[in-house]
Structures are given as structure tokens and as C-alpha cells.
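The values are calculated or read from the model by the stated rules, or taken from the named source; none is laboratory data. Note that the structure is a prediction, hence the values are computed from the model and not measured. Note: ideal-geometry Cβ built from the backbone for every residue, glycine included; neighbour counts use all protein chains shown.
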Amino acid sequence: MEILPKRFKRVEPAIPPCLLVALFLFLSPSLTKSHPAHAKPVNYPFVVGFERFHSSLDDDDYLAEGGMILLNELNCVSCHAPPAAHSARLTGVMGTNLEGVGSRLKPVDLEIMIRNPRFLKRDTTMPGLFSGADRDLDEVTALTHFLASKTYTIPKYPTGDVDKGREIYHRIGCVACHAPEVGFRPDHLPESTVVELAGLPSVPMNLADLYSRETLTHFLLNPHQHRPSGRMPEFGLTLAEASDIASYLKAGPERELPQNLTEALEADVAFEIDPAKSALGKELFVSKQCTACHEIQGVKKSIRKATPLAKLSTEGNPGCLSERPVGGLVPYYGLDTVQKRAISNAIARIGEKPEWNPLTKLDWRLMSLNCYACHERAGKGGPEFAREIYFSGIGENIHDLGRWGNMPPTLESVGAKLTDQWLKKVLLSRGRDKEVRPYMLTRMPLFREEDVKPLIKQFRGLDSLPPLKKSGKPGSAPDETLVKDCQQCHPLGEKDSENLPGINLALAPERLRDGWFAALLKNPQSFHPGTPMPVAFPDSEEPDTDILAVLDYLKSISKN
């Protein structure tokens, strides 16, 4: 039986300011729900790279690095130009694509979001331009009419299965970033396993409450179309999978509201777009600097540059760092104390030559895209311990591999491990993870090409191992006997690929650099501590020659 929430009706247009306050108090901050769409938000802009790796305990120099993340992810650099030495790092990020926003959000939601974004999304990175005492509600109305006019046709997507959506959400990797459902227990867990609550704050998704089921399905199928920042990746969802997840996310508990607020929201007031107000809204979209973060077709981008970062003073938390809305064209972010301290420390050091080397460049990209949510490198990142139970696999022998059977692979030495061809395939195409690890249910998401393509060069520039060299002495004959022991765990091609717990060995010549392959076979524990994989050819006088023979054999079967 399908379970869908009873959505309260929404008044459109404006609702009284006193009831907006009530809406904020009752819908946003304090209700802790077990459903992931209702996970309790933080009370400041949520920036995942800052949230996980920085805190009030940091010294000023390290916290300044977190401030750089905030300057970029909050798009401060769109108005406050960074020095040339920082321009490669501080590129800024674009906000939500507002094409079609009138089809995604109700007019009343648009109005509230314009008035004060934190009313609807307490942890939003969107600043308020109408939060101050000088706000002009006629301008808010005009912008509401303009954005409500930006519509498109959303297909009639099928209703999904809530239970299937719950399973998919918790197994393909969504919970690496977003909150798991409190009380959900994956089927594969042994009875003795204790399910712990996630400790790290999760990337919020409370706007799922405002989207319709079909709109949410449309978003899940096309996240890059809606989020040009590229921070939300694609998971290669089928229509059925997207419909199932959308139905699950819309199946949260019904909101309980006070009577006066319920009556206001249930008022049946029609909303009709006023062309004159919409035209004024289009002008305001430019003059209010909305184009600094958002793009709309037919609206020319125009940004009046503010004081450059190098000339800003942060003493007394002025402007965007203010405790309360300043008004005018100064955006209000609602930053917390640690974020303000981080930004102040970053700006104080903005004139210094940055430590922008291959290591810091790679770390910046991995942190910006939140690759560390799933992958570990140099002792940094990887799934939070409490979330590891949601990374699962299939097959009778999957548990023989320990955590290597269900956890995303480490990025340690990945540039020395994978060929350029395979790195490109992993980063830029769908389904490649299932070729190698068909037993793993967690998926490698697909990011925008411009965001991940530089990783190929960055990994290769940092990681290297010497290639294999033949000694001239005869090694083992390149035939199937070389991999007989390997086949106890590793499939050769598609045969038994879902029943054996190891990686598909037939792909090794295409995937792996021979130097890394040799180093792994000679000392598996150095790459995967605790792995059950034994040392290859332990008694051989010429292990490199034998390993080359293995590769020659695997190349021969991969061509057939």
C-alpha cells in the first residue's frame, strides 16, 4: 500500500508576517523527525567541506583555510574579487538554475524564500536581500510574479514504491551525504550489529517537502540541470528508481500546525501572474544582484563589484558578517560565530601568497565536491563510521572481503593504480563501477565533466610507481594455471561475477598500471590492511616476471 503525506494547501499570494514567523517556528528549526527529509537542520549556512573538517577548536591559520572554502562556496567572490594569486582557487559557485522554478515551487514558497530564505530552509547558503527593516514588500511581490512566470512542463512521472525507495536511498550512497532514516536497519546486517546515529551533520534536503512528487522525480533524474554548481551528482537512476526515491522522500510524517496557521495555509486564494509586476520583477532581478548567483534565460548578467577581498575590513563583523540584516544591497547570510571567525582569518591572510601546490589543489577539489564523503586519501575523509553499515554488497561470500567488500575504494595512490583511460572512464561515464565490482550496491556518482576531468592530471602528477621490468629469466608460462588460486575470489569476465567477492580480474590490464599491480600482488597488506588476499608467488625468484606473465594471460582472455 502506498503511503504519501497529506500535503497542506498553501495560500498564494502573501500571508501575514506574524504567520510567517509561526511557519518558521513550527516547520523549520526544532522538530526532529526520523525521516531523512525532516532531519534537523543546523542554524547557519551549511557548507559540507567546512562543516566536516573545521571547528571552533582550530587555530587561526587552519581555520583560515576553512574560511577560503566559505568564501568560495557562499559565492562571496562573485561580488568581492579575490587577488590574482587566489583566482584559480576562488572561482565561486552558481546557485540554483531558476529556469522553471515556477513549476517547482508554489508562489507562496517563492515569496517566503525571497523575503527571508531561512524561513523555508534554515541552513540555506542563499542570503536574504529583503530580511532587513527597509525591505520593500512590493518588490518582493514583483519578484514573486517574475519567478512564478518561469515555468516548464514536467512529465507525468509514475508513482513509485515507498519501500523500494527507502531501500534504494539507503544502499546506493545517498546516505554518505544525506541523513539516514532513524530506525532503518539494512537487511544485510547481522542481528548483533548496533545501528548508531550519524554524528556528522548531513547535507540538508528539506526543500523536498516543497516539491511535488513529480517535480522531485524530475530533479533526481536531472540534478545538474537544476544545480549548476555540480555539488549534487547524478546516480544514473532509472525512471523507476527515481520515482521510488521521490515517493519515499515525500512519505514523511504529516506536519502538525497550530489552528490559526492551518486556516491561513488552507485559504483557497487563486494566484494570477500580473505581467506588469513580472516585468518589474525582471528588472529587480538584475538591480538586486540576483544574477550574481542565479542565471535565467533572457536576463543579462550584471554585477556591481563590491570592495575586493584584499581591501575588506572584518573588524566588528560589518556588512555580510553582521549579526542582523543591514539592508540595501548587503546580503544577510546568518553566519555563526565559527564561520565569521574563519572568514575573517581568511580575509586577513588574503594578501599572502597561497600554498597552492599539487597537493593542496587536489585536496581543494576533493573537498569541494565532497569526494571525502565516500573516499579516503592521505588519512582524510571516508564514510563516517556510523554510516558504513549502509554501504552494502551482494553475494554469499561478500563478507569474506571484510570492509573491502562493501566500502568505496581508497584514493591512495590512485594515480599510480589506474590507467589514464580507466580514470577517464571512472570519472566521466556511468556504470563503470558495476563492471569492476558487480557485488557492490553503492554507486559511483557522476559529476560534471569540467569539475572532475582535472582529477586525471592531478592524480597522475602526484602518484607514481616504477613499471615492471623483465629480468630476462624465464618465468611462469602465461596460461590459466597462473590465476587458478585467484579464481577462488575473483571472476574472470562476467561469469560468476555476482557470486565471487573479488574484483573482476579480466579488466586488470585495461584498468591497472603494471607497477601498481605488481606492488599489490607482492604485498597486498600495504595497500589494503586486513585484506584476505595472499602474497602472489611467495617462493618465486623472479616474481616480477611471473606477474608479467599473469598480465599477458589476462590480456589474452580480455581480447577474446
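Summary table below
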item	result
Number of the condition not met by residue 426 [criteria: (1) modelled with pLDDT of 90 or more; (2) buried (at least 16 other Cβ atoms within 10 Å of the Cβ); (3) assigned to a loop (DSSP other than H, G, I, E, B)]	(3)
Enumeration of residues in the range 210-235 that are over 22 Å from residue 365 (Cα atoms) and part of a loop (DSSP other than H, G, I, E, B)	210, 211, 212, 222
Filter result for the condition that a residue is surrounded by fewer than 21 Cβ atoms within 10 Å (Cβ to Cβ), touching a residue at least 12 places away in the same chain (Cβ under 8 Å) and either of a type in the set (Ser, Thr, Tyr) or not in a helix (DSSP H, G or I) (or both), over 144, 159, 124	159
Failed item, numbered, when residue 97 is tested on (1) surrounded by fewer than 22 Cβ atoms within 10 Å (Cβ to Cβ); (2) within 26 Å of residue 150 (Cβ to Cβ); (3) more than 19 Å from the chain's Cα centre (by Cα)	(3)
Test: residue in the range 468-478 that is closer than 23 Å to residue 540 by Cα and at pLDDT 85 or above	no
Residue check for residue 190: in contact (Cβ under 8 Å) with a residue 24 or more places away in the chain and either aliphatic (A, V, I, L, M) or part of a loop (DSSP other than H, G, I, E, B) (or both)	no
Top-ranked residue of the range 335-346 - restricted to ones that are touching a residue at least 40 places away in the same chain (Cβ under 8 Å) and closer than 15 Å to residue 51 by Cα, ranked as surrounded by the fewest Cβ atoms within 10 Å (Cβ to Cβ)	337
Hey, residue 314 polar (S, T, N, Q) and either surrounded by 19 or more Cβ atoms within 10 Å (Cβ to Cβ) or farther than 30 Å from residue 145 by Cα (or both) or not	yes
Positions within the range 270-304 being loosely packed, with under 12 Cβ neighbours inside 10 Å and either at positive phi or among the acidic types (Asp, Glu) (or both), in sequence order	272, 298
Single residue of the range 303-336 satisfying the filter (hydrophobic (A, V, I, L, M, F, W, C) and either assigned to a loop (DSSP other than H, G, I, E, B) or in contact with a strand residue (DSSP E or B) (Cβ under 7 Å, 6 or more places away or on another chain) (or both)) that is modelled with the lowest pLDDT	303
Conditions (1) over 19 Å from residue 250 (Cα atoms); (2) surrounded by 22 or more Cβ atoms within 10 Å (Cβ to Cβ): number failed by residue 180	(1)
Test set (1) closer than 21 Å to residue 355 by Cβ; (2) touching an Asp or Glu at 6+ places or on another chain (Cβ under 8 Å); (3) among the charged types (D, E, K, R) - residue 65 fails condition number	(2)
Given (1) crowded, with 18+ Cβ neighbours inside 10 Å; (2) free of Cβ contacts under 8 Å to residues at least 40 places away in the same chain, number of the condition residue 79 does not satisfy	(2)
Matching residues in the range 339-382 - criterion: being outside any helix (DSSP H, G or I) and more than 16 Å from residue 83 (Cβ to Cβ)	357, 369, 370, 374, 375, 376, 377, 378, 379, 380, 381, 382
Test: residue in the range 246-264 that is over 31 Å from the mean Cα position of the chain (by Cα), at pLDDT 65 or above, surrounded by 13 or more Cβ atoms within 10 Å (Cβ to Cβ) and not aliphatic (A, V, I, L, M)	no
Members of the range 125-159 found to be within 30 Å of residue 336 (Cβ to Cβ) and among the acidic types (Asp, Glu), listed by number	134, 136, 139
Residue list for the range 349-395, restricted to those being surrounded by fewer than 16 Cβ atoms within 10 Å (Cβ to Cβ), among the aliphatic types (A, V, I, L, M) and out of contact with any Asp or Glu (no Cβ under 8 Å at 6 or more places or on another chain)	359
